[in-house]
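S.K.: Have a look at the structure that comes next, please.
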Amino acid sequence: MSKILNTESKGDITIISTEGYFNKDLGEDLKNFTDQEIKKGGKHFLINLKESKIVNSIGASILIEIIEELQTVDGTLSFCNLSPIIGKTFKIMGLTKYCTTYENEEEAVNAIG
Amino acid sequence: MKKNPTVELKLPIIKDMELVATHTSDVISKHMQLSEDDTAEISMALIEACINAFEHSETKEEIYIHFIINDDNLTIKVIDKGKGFDASSIKLPNIDEKVGSSERKRGWGLMLMQELMDKVHFESDDSGTTLTMTKNKEKDE
């Protein structure tokens, strides 16, 4: 129902594509994956939410832990292809103060890379 | 006197069961000809209301959801038979106080419901909680 669909690297950016309900399970999967990549030297992460149309606050709150981990290595967390309600939820929570959002993957890669 | 149409759901406390409630609210929103944005906001608020009821009520029983269709709004009641809570003790979260601190990262549900719905109200005692939230129908909908 909820999973990491694909991961790939483009230059310094690690792109993570998700599928399904962005709940606690998916949030924890993202945290585990980014923790491993940070240990290997990863700093810039882009989460493509094209196939995740809805979120809950438990999943979204795990992003705060990822942001904290990235702050220790001077890294960044970005998002693309947000549904309007996920974008609004991130804005209400204030996540957009700590992350950048992009319309699509191409725009994100051009801006971050 | 005309009785407002009401849809009632009983949800067991099982992981992700809040999505059943959002499917129902989607159908009702479509029936009421609410906008896509309003429909998504109702779903999101309902997810948070269900999660709060599942987690904080500490009830082992089902939760009940009533969707009351009015001419000018949709009213949703989420009812649990849990331990209740003191609404005045809830502090709205601030991300700047959470990032980089030992503060718990969760606790966003009430803020999201208040931002996404037009009205949110709690009645709670030691026999349970009823959360009532309302989304007004825009005049051109």
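S.K.: Applying the selection to region B:60-75, what residues are open to solvent by less than 10 Å² (accessible area, probe 1.4 Å) and either without any contact (Cβ under 8 Å) to a residue 24 or more places away in the chain or not aromatic (Phe, Trp, Tyr) (or both)?
M.R.: Taking region B:60-75 as the starting set, the residues that turn out to be open to solvent by less than 10 Å² (accessible area, probe 1.4 Å) are B:63, B:65, B:67, B:74.
Hits for region B:60-75 are B:Ile63, B:Ile65, B:Leu74.
S.K.: Within the bounds of region B:56-70, is there any residue that is part of a loop (DSSP other than H, G, I, E, B) and either under 19 Å from A:Lys88 (Cα atoms) or under 12 Å from the mean Cα position of the chain (by Cα) (or both)?
M.R.: Just the residues of region B:56-70 that are part of a loop (DSSP other than H, G, I, E, B), to begin with: B:57-62, B:70.
Among the residues that remain, those that are also either under 19 Å from A:Lys88 (Cα atoms) or under 12 Å from the mean Cα position of the chain (by Cα) (or both) are: none.
So far as region B:56-70 goes, no, none of its residues is part of a loop (DSSP other than H, G, I, E, B) and either under 19 Å from A:Lys88 (Cα atoms) or under 12 Å from the mean Cα position of the chain (by Cα) (or both).
S.K.: Given (1) assigned to a loop (DSSP other than H, G, I, E, B); (2) surrounded by 16 or more Cβ atoms within 10 Å (Cβ to Cβ); (3) touching a residue at least 60 places away in the same chain (Cβ under 8 Å); (4) not aromatic (Phe, Trp, Tyr), where does B:Met44 come up short, assuming only one miss?
M.R.: Checking B:Met44 against (1) assigned to a loop (DSSP other than H, G, I, E, B); (2) surrounded by 16 or more Cβ atoms within 10 Å (Cβ to Cβ); (3) touching a residue at least 60 places away in the same chain (Cβ under 8 Å); (4) not aromatic (Phe, Trp, Tyr), the one that fails is (1).
S.K.: Scan region A:77-93 for residues that are open to solvent by 10 Å² or more (accessible area, probe 1.4 Å) and at the interface with chain B (Cβ under 10 Å from one of its Cβ atoms) and jot them down.
M.R.: Matches in region A:77-93: A:Ser83, A:Pro84, A:Ile85, A:Lys88, A:Lys91, A:Ile92.
S.K.: Looking only at residues in region A:13-59 that are assigned to a strand (DSSP E or B) and within 11 Å of chain B (Cβ to nearest Cβ), which one is farthest from A:Ile85 (Cα to Cα)?
M.R.: We begin by selecting, within region A:13-59, every residue assigned to a strand (DSSP E or B); these are A:13-19, A:22, A:44-51, A:55.
If we keep only those that are within 11 Å of chain B (Cβ to nearest Cβ) as well, we get A:22, A:55.
Numbers: A:Phe22: 12, A:Val55: 8 Å.
The residue in question is A:Phe22.
S.K.: List the residue pairs whose Cβ atoms are under 8 Å apart, where the first residue sits in region B:1-25 and is more than 14 Å from chain A (Cβ to nearest Cβ), the second is open to solvent by 20 Å² or more (accessible area, probe 1.4 Å) and part of a loop (DSSP other than H, G, I, E, B), and the two are 6 or more positions apart or on different chains.
M.R.: Matching pairs, first to second residue: B:Asn4/B:Asn70; B:Lys10/B:Glu62; B:Leu11/B:Met17; B:Leu11/B:Glu62; B:Pro12/B:Glu62; B:Ile13/B:Lys60; B:Ile13/B:Glu61; B:Ile13/B:Glu62.
S.K.: Exactly one condition in (1) open to solvent by less than 60 Å² (accessible area, probe 1.4 Å); (2) farther than 25 Å from B:Ala49 by Cα; (3) within 11 Å of chain B (Cβ to nearest Cβ) is false for A:Lys97; which is it?
M.R.: Only one criterion is unmet by A:Lys97, namely (1).
S.K.: Would you mention how many residues in region B:104-120 are free of Cβ contacts under 8 Å to residues at least 12 places away in the same chain and in contact with a helix residue (DSSP H, G or I) (Cβ under 6 Å, 6 or more places away or on another chain)?
M.R.: Selection size over region B:104-120: 3.
S.K.: If A:Met1 satisfies every condition in (1) surrounded by 15 or more Cβ atoms within 10 Å (Cβ to Cβ); (2) touching a strand residue (DSSP E or B) at 6+ places or on another chain (Cβ under 9 Å); (3) not basic (Lys, Arg) but one, which is the exception?
M.R.: (1)
S.K.: Looking at region B:1-15, which of its residues are in contact with an Asp or Glu (Cβ under 9 Å, 6 or more places away or on another chain), part of a loop (DSSP other than H, G, I, E, B) and of a type outside the set (Val, Ile, Thr)?
M.R.: B:Asn4, B:Pro12, B:Lys15 - these are the residues of region B:1-15 that are in contact with an Asp or Glu (Cβ under 9 Å, 6 or more places away or on another chain), part of a loop (DSSP other than H, G, I, E, B) and of a type outside the set (Val, Ile, Thr).
S.K.: Cβ-Cβ under 8 Å, sequence separation 6+ or interchain: first residue in region A:64-76 and away from chain B (no Cβ under 11 Å), partner open to solvent by 40 Å² or more (accessible area, probe 1.4 Å) and among the hydroxyl-bearing types (Ser, Thr, Tyr). Which pairs?
M.R.: Cβ pairs passing all conditions: A:Thr76/A:Thr100.
S.K.: I'm trying to understand the selection: among the residues of region B:76-98, which are in contact with a strand residue (DSSP E or B) (Cβ under 8 Å, 6 or more places away or on another chain) and open to solvent by less than 20 Å² (accessible area, probe 1.4 Å)?
M.R.: Within region B:76-98, B:Ile76, B:Val78, B:Asp80, B:Gly82, B:Gly84 qualify.
S.K.: Name the residue that is farthest from the other protein chains (Cβ to nearest Cβ), counting only residues in region B:99-122 that are open to solvent by less than 10 Å² (accessible area, probe 1.4 Å) and part of a helix (DSSP H, G or I).
M.R.: Among residues in region B:99-122 that are open to solvent by less than 10 Å² (accessible area, probe 1.4 Å) and part of a helix (DSSP H, G or I), the one farthest from the other protein chains (Cβ to nearest Cβ) is B:Met113.
The values are calculated or read from the model by the stated rules, or taken from the named source; none is laboratory data. In this text, all values refer to a predicted model and were calculated from it rather than measured experimentally. Cβ sites come from the backbone with ideal geometry, for glycine too, and all protein chains shown count toward neighbours. Heavy atoms of the whole protein, side chains included, go into the accessibility calculation; ligands, DNA and RNA do not. Shrake-Rupley method; radii C 1.70, N 1.55, O 1.52, S 1.80 Å.
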